[in-house]
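Peer 1: Right, I'll just put the structure down here and ask away after.
Only the coordinates and a few stated rules stand behind these numbers; no lab work does. This is a predicted model, so every value here is computed, not measured. Cβ placement follows ideal geometry from the backbone for every residue including glycine, while neighbour counts extend to all protein chains displayed.
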Amino acid sequence: MLFDAGALQSRLAGCRIGGRLHCAETVDSTNRVAMERARAGAPEGTVVLADSQTAGRGRLQRSWQSPPGCNLYLSVVLRPAIPPHDAPQMTLLAGVAAAETIAAVLPGRVRIKWPNDLLVGDRKVCGILTETRMAAGGIDFVIVGIGLNINMRRAEFAAAHRETATSLCEEAGRELSRGELLVSLCERFGQWYDRYLRYGFSPVRERWLSRCGMAGERLRIRFGDGEQEGAFAGIDHDGALLIADEQGALRRVTAGDATIMKG
Ligand code: BTN
C-alpha cells in the first residue's frame, strides 16, 4: 500500500522536521531529489519520502535495496549554521533519532555502530547517508538520508545481505505501520535537532554513546587506502571515532567503515 500523503502531511504539520513533506511513489534516490529541492531553495526540515527507489544510494558507493510497499526511504534537508567539519555530527544525530524510534518497537535491542548503522543483534536494520553541499561562506545545506527496513521479509533481501540485514517485522514478529514510524522518526529527529541547535553536540554525543554497542569491542577500520585495527575508545567532541592501539595511543577516524571483530 502507498503512503497516505495527506494524512502524513496533517500529522506532521508544524513540525520542524517533516512540516514540509513531499511524497513520491518512485524516485531514483530521495537524497538526489532532496538535494535538487534544496538547491532550488527548499527550507530546512523539508522531507522527501518515497515508496520505492530505483537507485537508492548507500555509503561508500554502495546501493540501498529499496523495494516498494514495505520500508521507509526518506531524506531531510538541514541548513545548520555550523562549521563544515561538524557536518558529520548530523549523521550521529539522525542515528540517535532512528535508534529511539526503533527502541520504541524493540526495547533494549537496537545499537548504533559508528558512524551510521543501526543494528538489531548483529544485523543491520537502518542506514544513514549524509551528503553536504558547500557555499562560499560555509555549509549551504546537508541532506540526511535514512533507509529503515520495516516490513521487508528475509527472503526479499538480496542474497548478499540475507545474513547481515534485517527488518523490524522480522525482529518483532509482526507488521508495523510505516506511517506511524515516519511520524515518530520525524518528531524525534526534530527534538534532537532543536537540542543540538540550543546546546551543541554534547547531549547528542552522550545519548549516542549510551545507544552505541561498541564499548569493549575490537574494531577493524577500512579506509580508502588501507585498514587499521584497534579498540573502540568512544567518539570525540566533533563525532570522530576514537580507536586505541595496543599501547593505548588514540587515533581519530573521521571517515571509513568499521567492522566489529568477533572473538
Ligand atoms: C548506508 O548504510 O550505506 C546508508 C544507506 C542510506 C539509504 C537511504 S534510503 C533514503 C536515502 N536515499 C538514498 O538514496 N539513500 C538514503
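Peer 1: Would you look at the GNM of the chain, springs on alpha carbons closer than 10 Å, and say which of Met134, Met152, Met35 moves the most?
Peer 2: Result for the chain, Cα springs under 10 Å: Met134 fluctuates most.
Peer 1: Can you sort Asp51, Asp245 so the residue with the fewest Cβ neighbours within 10 Å comes first? Write out the running numbers ahead of the final one.
Peer 2: On the way: Asp51 21, Asp245 13.
By the 10 Å Cβ count, ascending, the order reads Asp245, Asp51.
Peer 1: Assign one of three labels to the chain, namely rounded, prolate or oblate, based on the Cα gyration tensor with a ≥ b ≥ c the square roots of its eigenvalues; rounded applies when a/c is under 1.5, prolate when it is not and a/b is larger than b/c, and oblate otherwise.
Peer 2: Working: a/c = 1.63, a/b = 1.21, b/c = 1.35.
In terms of gyration-tensor shape, oblate.
Peer 1: Also, quick follow-up: Can you give the Rg and Dmax of the range 70-167 based on its C-alpha atoms, in angstrom?
Peer 2: In Å, with Rg to one decimal and Dmax whole: 14.9, 48.
Peer 1: Give the Debye-formula value of log10 I(q)/I(0) at each listed q (0.10, 0.14, 0.15 Å⁻¹), with one equal scatterer per alpha carbon of the range 140-237, two decimals each.
Peer 2: Debye intensities relative to I(0), on a log10 scale: -0.46, -0.90, -1.01.
Peer 1: Okay, next question. Grab the Cα-Cα distance for Met261 and Ala136, subtract it from 0.36 nm times how many residues apart they are, and report the gain in nm with one decimal.
Peer 2: Values: separation 125, 0.36 × 125 = 45.00 nm, distance 4.17 nm.
Using 0.36 nm per residue and subtracting the Cα-Cα distance, I get 40.8 nm.
Peer 1: Taking loop as defined by DSSP and a crowding limit of 12 other beta carbons within 10 Å, which trypsin sites (Lys or Arg not before Pro) in the range 229-263 fit?
Peer 2: On the way: sites: Arg251, Arg252, Lys262; in loops: Lys262.
Counting only loop positions with at most 12 other Cβ atoms within 10 Å, the trypsin sites (Lys or Arg not before Pro) in the range 229-263 are Lys262.
Peer 1: Right, here's the next one. Just to be sure I understand the model, the point goes 7 Å from the Cα along the line to the Cβ. What's the resulting Leu176 to Arg252 distance in nm?
Peer 2: It is 3.5 nm.
Peer 1: I'd like the Karplus ³J(HN,Hα) series for the range 145-151: coefficients 6.51, -1.76, 1.60, θ = phi - 60°, whole numbers in Hz, and an x wherever there's a Gly or Pro.
Peer 2: With the stated coefficients, the range 145-151 comes to x, 10, x, 10, 7, 10, 10 Hz.
Peer 1: If you stretched the chain out fully between Ala159 and Arg198, how much longer would it get, using 0.36 nm times the residue separation minus the C-alpha to C-alpha distance?
Peer 2: On the way: separation 39, 0.36 × 39 = 14.04 nm, distance 4.43 nm.
That works out to 9.6 nm of additional length.
Peer 1: If you build a Gaussian network model of the chain, linking Cα atoms that sit under 10 Å apart, which residue out of Glu187, Glu163, Glu100 swings the most?
Peer 2: Result: Glu163 has the largest fluctuation of those listed.
Peer 1: Give me the extension gain from Ala55 to Ala244: residue separation times 0.36 nm, minus the current Cα-Cα distance, reported in nm with one decimal.
Peer 2: Details: separation 189, 0.36 × 189 = 68.04 nm, distance 3.72 nm.
Length difference between fully extended and current span is 64.3 nm.
Peer 1: Which of these, Ala233, Ala34, Ala136, has the largest mean-square fluctuation under a Gaussian network model of the chain (Cα springs below 10 Å)?
Peer 2: It is Ala136.
Peer 1: Moving on. What does the helix-only formula give at 222 nm for the chain: each DSSP H stretch with n ≥ 4 adding -39500 (n - 2.57), the total divided by the residues, and the result rounded to the nearest 500 deg cm²/dmol?
Peer 2: Values: 6 runs with 70 residues, N = 263.
So the calculated ellipticity at 222 nm is -8000 deg cm²/dmol.
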